[in-house]
């Protein structure tokens, strides 16, 4: 990946802007398989909180350094937590909320498109994080699954079920195993699978495409998606129509899109 702008340093992250409007975040605890402890969770939350609110952010990419995407919550920190030692605990302060919960909420409800570039294993909370992407591009080396059964933990249901349904999410949990990349692609968990050495380039190309897209309209689509899930069709269709009306009133790019279509030229979207 060619970096065309600054790289910002953090203890547990690498943050870059490889293309205008693209915030590229790499989890950088490879010695711990990018497992989430308090420091990584706090840094990732802070970076996303800033990036998702910044008017110049058009796309967010999350990936991992080393051979893992994210191994979930750091089991060493979890073991300390169970013994009443909270120094490295992957929770928000003194709340019962784990870091991954708040981070996933932020990504899913944001109005910015999110791409997960899954470079290696995604397990436990890491699998939930991977499933939180609007697009999930994976390396042939990637594997994904709950694996929580192996450490006597319940979880791995909510985000997985949104992609494969409750029955298959239950099967994945009860297996205790990780799916290989092609099986995860077949089930619709991974949007696409590419050769490992092509992952960064393919992801960047997709991020650039979305950065040039009408991202305000994408934001409204994401809002509609979250509101419409589980609603009866009569209610869901009316929610969708309400979003159409808001789109015409709020999205500046809607005029450019219609004009460019009529003039038979490529639209120049501003993400507004």
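The values are calculated or read from the model by the stated rules, or taken from the named source; none is laboratory data. Model, not experiment: these values are computed from the prediction. Ideal geometry is used to build each Cβ from the backbone, glycine not excepted, and the neighbour counts take in all protein chains shown.
Determine whether region 207-228 contains at least one residue that is more than 27 Å from residue 120 (Cβ to Cβ), without any contact (Cβ under 8 Å) to a residue 12 or more places away in the chain and not assigned by TED's automatic domain parsing to the domain that holds residue 60. Yes - at least one qualifying residue is present in region 207-228. Could you check, for region 91-98, whether at least one of its residues is at pLDDT below 95, in contact with a helix residue (DSSP H, G or I) (Cβ under 7 Å, 6 or more places away or on another chain), in the same structural domain as residue 17 (by TED's automatic domain parsing) and farther than 25 Å from residue 190 by Cα? Within region 91-98 (the criterion being at pLDDT below 95, in contact with a helix residue (DSSP H, G or I) (Cβ under 7 Å, 6 or more places away or on another chain), in the same structural domain as residue 17 (by TED's automatic domain parsing) and farther than 25 Å from residue 190 by Cα), the answer is yes, since at least one residue qualifies. Which one of the conditions (1) assigned by TED's automatic domain parsing to the domain that holds residue 142; (2) over 17 Å from residue 69 (Cβ atoms); (3) touching a helix residue (DSSP H, G or I) at 6+ places or on another chain (Cβ under 8 Å) does residue 201 fail to meet, given that it meets all the rest? Here residue 201 clears every test but (3).
With the structure loaded, tell me whether residue 271 is within 25 Å of the chain's Cα centre (by Cα) and assigned by TED's automatic domain parsing to the domain that holds residue 23 or whether it fails that test. It would help to see each step written out before you state the result.
Working: within 25 Å of the chain's Cα centre (by Cα): yes; assigned by TED's automatic domain parsing to the domain that holds residue 23: no.
Here the answer is no, as residue 271 does not meet what is asked.
For region 167-180, does any single residue satisfy the condition of being touching a residue at least 40 places away in the same chain (Cβ under 8 Å) and in a helix (DSSP H, G or I)? Within region 167-180, none of the residues are touching a residue at least 40 places away in the same chain (Cβ under 8 Å) and in a helix (DSSP H, G or I).
Filter region 96-137 down to residues that are more than 12 Å from the chain's Cα centre (by Cα) and closer than 19 Å to residue 22 by Cβ and give me whichever is surrounded by the most Cβ atoms within 10 Å (Cβ to Cβ). Restricting to residues being more than 12 Å from the chain's Cα centre (by Cα) and closer than 19 Å to residue 22 by Cβ, the top hit is 119. Looking for something under 18 Å from residue 135 (Cβ atoms), touching a residue at least 40 places away in the same chain (Cβ under 8 Å) and part of a helix (DSSP H, G or I) - is there at least one such residue anywhere in region 187-195? No, region 187-195 contains no residue that is under 18 Å from residue 135 (Cβ atoms), touching a residue at least 40 places away in the same chain (Cβ under 8 Å) and part of a helix (DSSP H, G or I).
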